[in-house]
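Chemist: Sharing a structure below in structure tokens format, with a few things to ask.
Quick note: the coordinates plus some simple rules give every number you see, no bench work behind them. A quick note: this is a predicted structure, and the numbers were derived from the prediction, not measured. A quick note on method: Cβ atoms are made from the backbone with ideal geometry, for glycine too, and the neighbour counts reach across all protein chains shown.
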Ligand code: MG
């Protein structure tokens, strides 16, 4: 088995939909990024790439390439998952922690889990998505942006 960790943060930007875990969350502000800004998927991609020793999301999908401008991050996730499959692994489980003071995410977490499970050929029960605030501390606490930590365990298909 292989383990990987990922982290990402993006600042809020008005006038963009807020995409998190592949789900559109009701919000006045989205996240500034070259892609759709889905910080949860970016952290997950980095965890998957880390687990297979394939660098990071910036190396695979550089923000200097306009092919990836405003791209749906689920497309990136599916490409990363293809690399995981090519290396002979499947997803054991995923654990995501989204850190956001606002908006409230509790009612979206199950949809995110189902959405990500779909892209990773897994069951929703293997993809845990949780959210927390920082009680007003730091940049997330000041509502300047959102961050996500991701941990993934991959299982070898060979055994
Ligand atoms: Mg990112």
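Chemist: Return the whole-Å distance between the Cα centroid of region 1-77 and the Cα centroid of region 87-121.
Modeler: 13 Å
Chemist: Using r as the Cβ-Cβ distance of residue 133 and residue 75, and R0 as 35 Å, what FRET efficiency do you calculate, to the nearest 0.05? Before the final figure, lay out the partial values.
Modeler: Values: r = 30 Å, r/R0 = 0.85.
Here the calculated transfer efficiency is 0.70.
Chemist: Over the Cα atoms of the chain, what radius of gyration and what Dmax do you get, in Å?
Modeler: In Å, with Rg to one decimal and Dmax whole: 14.9, 48.
Chemist: Using just the helices of the chain, give the 222 nm mean residue ellipticity in deg cm²/dmol: DSSP H runs with n ≥ 4 each add -39,500 (n - 2.57), and the total is spread over all residues, rounded to 500.
Modeler: Details: 5 runs with 46 residues, N = 159.
Mean residue ellipticity, 222 nm, calculated: -8000 deg cm²/dmol.
Chemist: I would also like to ask the following. For the pair residue 158/residue 26, report the inter-label distance in nm, with labels modelled 7 Å from Cα in the Cβ direction.
Modeler: 5.0 nm
Chemist: Sort 110-120, 11-21, 56-66, 33-43 by packing, meaning the average of other beta carbons within 10 Å per residue, with the highest value first.
Modeler: Working: 110-120: 19.7, 11-21: 18.0, 56-66: 13.5, 33-43: 25.8.
Per-residue mean Cβ counts within 10 Å order the peptides as 33-43, 110-120, 11-21, 56-66.
Chemist: Further question on the same structure: On C-alpha positions alone, give me the angle between the axis of helix 109-119 and the longest principal axis of the chain, in degrees, nearest 10.
Modeler: Helix 109-119 sits roughly 40 degrees off the main axis of the chain.
Chemist: Sticking with this one: Would you please state which residues of region 127-151 a label at residue 93 would reach in this model, taking the label point 7 Å out along Cα→Cβ and a backbone N cut-off of under 19 Å?
Modeler: Once the point is set 7 Å along Cα→Cβ of residue 93, 127-132, 149-151 turn out to lie under 19 Å by backbone N, inside region 127-151.
Chemist: Taking every eigenvalue of the Cα gyration tensor of region 22-96, multiplying by 5 and rooting it, what semi-axes result, largest first, whole Å? Walk me through the intermediate numbers first.
Modeler: Values: eigenvalues 99, 47, 18 Å².
Ellipsoid half-lengths, sorted descending, are 22, 15, 10 Å.
Chemist: Could you give the length gained on full extension between residue 56 and residue 104, defined as 0.36 nm per residue of separation minus the Cα-Cα distance, in nm? Walk me through the numbers before you get to the answer.
Modeler: Values: separation 48, 0.36 × 48 = 17.28 nm, distance 2.88 nm.
Here the answer is 14.4 nm.
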